[in-house]
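Q: Encoded as structure tokens, here's the structure I'll be asking about.
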Amino acid sequence: MMGEFRAAFPSDRLYARNHMWGQPQGDQRYRFGLTAYAVRLLQDVYFLDWTTEPPARLTARQEIGAIESKKAESDLYAPLAGTLTEINDAALDDPSIINLDCYGQAWLLEIEPQATAELLSVDDYILHLESAWEVAQRTIKGQANTRD
């Protein structure tokens, strides 16, 4: 639970700290999309744009695009270093599918990674979210620089 909302995280994938999931595709590629947690924070995604096109070499945390929603405009960053091999044109054409099927049809990109060691298991991602949630709550309440 994150506040009053429940988020589910499939255990057949790995997770990046930037709230993307990565699912092996069997050919040394990983398909990435936004987690339910990220989609819940964004609410009603309606615009998606890529500033990087395949094939492209990516560095970890490199800016690769932007996303807009009811709640925010955000840059998108590469979850890890590697080669961008594919972008999901269906999500680009209709970003609203991100709201409906974030773990399925709404995948965003495929990367052939240099390494996957920085990706988290589902359990480690949940621990990451719990610690990030505490910081987010203090930030929302204007207490980001205070100690308990």
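Q: Looking at the chain, what % of the alpha carbon pairs are farther apart than 17 Å?
A: 61 percent
Q: Using each residue's phi in the range 121-127, evaluate 6.51 cos²θ - 1.76 cosθ + 1.60 at θ = phi - 60° and report the 3J(HN,Hα) Karplus result to the nearest Hz, with x for Gly and Pro.
A: Values, residue by residue: 5, 4, 5, 5, 5, 4, 4 Hz.
Q: Could you please state how large a percent of the accessible area of the chain is carbon and sulfur, counting protein chains only and using a 1.4 Å probe?
A: Percent of accessible area from carbon and sulfur atoms in the chain: 47.
Q: So which trypsin sites (Lys or Arg not before Pro) in the range 49-89 pass both tests, a DSSP loop state and at most 13 other Cβ atoms within 10 Å of the Cβ?
A: Sites meeting the loop and neighbour criteria: Lys70, Lys71.
Q: Taking a probe of 1.4 Å, how large is the accessible area per residue of the chain, in Å²?
A: With the other protein chains kept in place, the chain gives 57 Å² per residue.
Q: Could you list which residues have their amide H under 5 Å from that of Gly65, counting only those 5 or more apart in sequence or on another chain, with H placed in the peptide plane?
A: Under 5 Å from the amide H of Gly65 lie the amide H atoms of Thr51, Leu76, each far enough along the sequence or on another chain.
The values are calculated or read from the model by the stated rules, or taken from the named source; none is laboratory data. Given the structure is predicted, the values throughout are model-derived calculations rather than measurements. Here the Cβ is made from the backbone with ideal geometry for all residues, glycine too, and neighbour counts use every protein chain on show. We work out accessible area using only protein heavy atoms, side chains counted, and drop any ligands, DNA or RNA first. Shrake-Rupley method; radii C 1.70, N 1.55, O 1.52, S 1.80 Å.
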